[in-house]
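**Q** Below is the structure I would like to discuss, written out as structure tokens.
No lab work stands behind these numbers, since they all come straight from the coordinates. These numbers come from a predicted model, not from an experiment. Here the Cβ is made from the backbone with ideal geometry for all residues, glycine too, and neighbour counts use every protein chain on show.
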Amino acid sequence: MSRVALVTGGSRGIGAAIAKALAAEGYIVAATYAGNDEKAAAFTAETGIKTYKWDVGNYEACQAGIAQVVADLGPVEVLVNNAGITRDAPFHKMTPQQWQEVIDTNLTGLFNMTHNVWGGMRERKFGRVVSISSINGQKGQFAQTNYAAAKAGDIGFSKSLAQEGARAGITVNVICPGYINTEMMSTIPEKVMNDVILPQIPVGRLGEPEEIARAVVFLASDEAAFITGSTISANGGQYMI
């Protein structure tokens, strides 16, 4: 029987690439999204992957949403915490709302989603949790104290949870992408891209969403059973730990 994989923020960008890659490997995939009904419908029409709408920052919404996924597809055995937002501002201008919205989605969302599948994974003695953090959670970034704090928290969350899941056959890992060629990057002026961003990346290019997806597919596989509590940096050599 094919395993069920749930990808948050899975109808666009890196999340969409992850969902497609898992489906191509034979997983039964569900993808969540927060608000863009048109994009989600187009994604389902293109891929056949079911999409579900809820806010990962809301525990009850996650509880109800996951229950629906289980009813439709079966128990969730692979969880990819990919959903994330930005609300950038220099710290002296950052509002409490900008801080809280990012923490709620990018950090508390991991708790909300993982907590609601963890019991089933422990009972079945199998699970894969892969969370998408960021290079900026490793090194920090100007005007992103909220985002960097949340993404650094994702790493600490995963290292701790990995220790709890290890003897239950559950692995918990993190991927930290650098600059990836998504819609968000397409809004950056060409001069900034060529003169500021690309010179920071030793391989001389942006990463592709599919490259992150392949790392997720590996970490979700049986072959990755001995890898847990790990942080994989996928940034073209921009930041090395």
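**Q** Mind putting a number on the dipole of segment 4-234 about its Cα centre? Charges go on the C-beta only, +1 for Lys and Arg and -1 for Asp and Glu, and I need it in Debye to the nearest 20.
**A** In total the dipole reaches around 420 debye.
**Q** Within segment 156-241, which trypsin sites (Lys or Arg not before Pro) sit in a loop by DSSP and count at most 15 neighbouring Cβ atoms inside 10 Å?
**A** Within segment 156-241, the qualifying trypsin sites (Lys or Arg not before Pro) (loop, at most 15 other Cβ atoms within 10 Å) are Arg205.
**Q** Let me ask you something else. Starting with the fewest neighbours, write out Leu161, Leu73 ranked by other beta-carbon atoms found within 10 Å of each beta-carbon.
**A** Leu73, Leu161
**Q** May I pose another question? Go through segment 150-241 and name the chymotrypsin sites (Phe, Trp or Tyr not before Pro) that are in a DSSP coil and have 10 or fewer other Cβ atoms within 10 Å of their Cβ.
**A** Within segment 150-241, the qualifying chymotrypsin sites (Phe, Trp or Tyr not before Pro) (loop, at most 10 other Cβ atoms within 10 Å) are Phe226.
**Q** Could you list Ser186, Ser158 in order of exposure, starting from the residue whose Cβ has the fewest other Cβ atoms within 10 Å?
**A** Ser186, Ser158
**Q** Another question about this same structure. Can you give the alpha-carbon Rg of the chain over 2.2 N^0.38 Å, where N counts its residues?
**A** Output field value: 0.97.
**Q** Could you calculate the FRET efficiency of Val196 with Ala67 from 1/(1 + (r/R0)^6), where r is the beta carbon distance between them and R0 is 35 Å, rounded to 0.05?
**A** 0.15
**Q** Which percent, nearest 5, of DSSP beta bridges in segment 4-234 are antiparallel?
**A** Restricted to segment 4-234, the bridges split so that about 0 percent are antiparallel.
**Q** Report the number of Lys pairs in the chain whose alpha-carbons are under 21 Å apart, with separation of 8 or more residues or on distinct chains.
**A** Summing the qualifying lysine pairs gives 10.
**Q** If one takes the longest principal axis of the Cα atoms in the chain, at what angle in degrees, from 0 to 90 and to the nearest 10, does the Cα axis of helix 37-47 lie?
**A** Here the helix axis deviates by roughly 60 degrees.
**Q** With angles folded into 0 to 90 degrees, how steeply does helix 209-220 sit against the dominant principal axis of the chain? Use alpha carbons for both and round to 10.
**A** 40
**Q** I've got another one for you. Round to the nearest 10 and give me the degree value, 0 to 90, for the angle of helix 59-73's Cα axis relative to the longest principal axis of the chain.
**A** Orientation of helix 59-73: about 50 degrees from the principal axis.
**Q** Ok, one more. Which loop trypsin sites (Lys or Arg not before Pro) in segment 101-137, with loop taken from DSSP, have no more than 14 other Cβ atoms within 10 angstrom of their Cβ?
**A** Lys125
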